[in-house]
Amino acid sequence: MDKQLELIAKRLAELGHPTRLGIFRLLVQSGPAGLPVGDIQQQLAIPGSTLSHHLARLMQADLVTQERDKNSLYCKPQFNAVQETLEFLLKECCQGSCSLAEAVSSNETSCCN
């Protein structure tokens, strides 16, 4: 199995868990600056050990990174990983006859209409 397929499958599997999907959506909403771990814990009412476990899984899938800033540990969404995953999923859409931008931004149910 090719490595890209394995990575995309891992990302989708990790986002398939409701708690991890909630964490990731919160981070995406926060933008590239991300959020301190304490803010994520508070906003989602997740115990620290549980949050740590879920963040580790998101980091293993390259969906989140962490950076320390003084006394805070920030979690940042990796938008390039999201884009890469969407491109992989939509690359062959309509046998390649439409663009990713059309497929993602279209209000239609398919870019092939």
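General remarks:
- Test: residue in segment 36-53 that is touching a residue at least 40 places away in the same chain (Cβ under 8 Å) and out of contact with any Pro (no Cβ under 8 Å at 6 or more places or on another chain): no
- For segment 60-75, the condition of being under 22 Å from L89 (Cα atoms) and either surrounded by fewer than 18 Cβ atoms within 10 Å (Cβ to Cβ) or at pLDDT below 95 (or both) holds for at least one residue.
- Residue list for segment 29-59, restricted to those being out of contact with any helix residue (DSSP H, G or I) (no Cβ under 8 Å at 6 or more places or on another chain), among the charged types (D, E, K, R) and buried (at least 16 other Cβ atoms within 10 Å of the Cβ): none
- For segment 78-110, residues that are surrounded by 12 or more Cβ atoms within 10 Å (Cβ to Cβ) and either at pLDDT 70 or above or in a helix (DSSP H, G or I) (or both) total 18.
The values are calculated or read from the model by the stated rules, or taken from the named source; none is laboratory data. None of the values given here were measured: they were computed from a predicted structure. For neighbour counting, all protein chains shown are included, and Cβ atoms are generated from backbone atoms with ideal geometry for every residue, glycine included.
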